[in-house]
1. Only one residue in A147, A95, A137, A126 is at pLDDT 90 or above, under 22 Å from D62 (Cα atoms) and surrounded by 20 or more Cβ atoms within 10 Å (Cβ to Cβ). Which one?
2. Within the range 64-92, track down each residue that is in contact with a Ser or Thr (Cβ under 9 Å, 6 or more places away or on another chain), assigned to a helix (DSSP H, G or I) and open to solvent by less than 10 Å² (accessible area, probe 1.4 Å).
3. Taking the condition at pLDDT below 95, under 18 Å from L47 (Cβ atoms), not in a loop (DSSP other than H, G, I, E, B) and not charged (D, E, K, R), does V142 pass?
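The values are calculated or read from the model by the stated rules, or taken from the named source; none is laboratory data. Predicted model, so just to flag it, every value in this text is computed and none were measured. Because the Cβ atoms are built from the backbone with ideal geometry, glycine has one as well, and the counts that use them run over all protein chains shown. Ligands, DNA and RNA are excluded from the accessible area calculation, which covers all protein heavy atoms including side chains. Shrake-Rupley method; radii C 1.70, N 1.55, O 1.52, S 1.80 Å.
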Amino acid sequence: MRQRQAVWPSPEHWPGTSSRQLPSQHASPRTTPATTATTRATRTRRLSATVIGGAEIPNVIDELPILAVAAALARGQTIIRDARELRVKETDRIAAVAHNLRLMGVTVDEFEDGMEITGGSPLKAAELDSYGDHRIAMAFAVAGLFAVGVTEIHNTDCIATSYPGFERDLGLFLNESTTPDVPVDVISRVPRKV
């Protein structure tokens, strides 16, 4: 059986954009009484590096692959520590993220419990593997949107594990008919505070 693969165009191929017009790197959620949320994309300043570790890790453990991609786009050195649990997820996410970022031209130092990512340089298109991990596949689909050239990701069927409409929803952000005044649903349910 042939595994599905996805090809993600670089910014110069996005409808109505140039390589200098990148999508928002920041969003602010708005909740309604029905506990649904929408996110509105807004342009912000360039991302800056940070340190993620300690008590923050349990709250962001599954988001670390996409945060690592954000770190590759940020200016400076981002350090992720205390995330040893990533080694025993669907794949070794520390190794997978570090390997794929290196293929995209990013300097990454891998630790037993995390990594240091030197960001700020343009990402290069690459042929990548998801390693059958839905979070790796989605994170690098986003990375591919920022790369110069076309990024190809193998084994993307796994995305359906957690987000069957991912490609469609990501496409909404790239569709030239979407305006800043039209919110795009990206979270279908938010826990209700009591």
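1. Going through A147, A95, A137, A126 in turn, just one is at pLDDT 90 or above, under 22 Å from D62 (Cα atoms) and surrounded by 20 or more Cβ atoms within 10 Å (Cβ to Cβ): A137.
2. A68, A71, A72, listed by residue number.
3. Values: at pLDDT below 95: yes; under 18 Å from L47 (Cβ atoms): yes; not in a loop (DSSP other than H, G, I, E, B): yes; not charged (D, E, K, R): yes.
Yes; evaluated as a whole, the condition is true for this residue.
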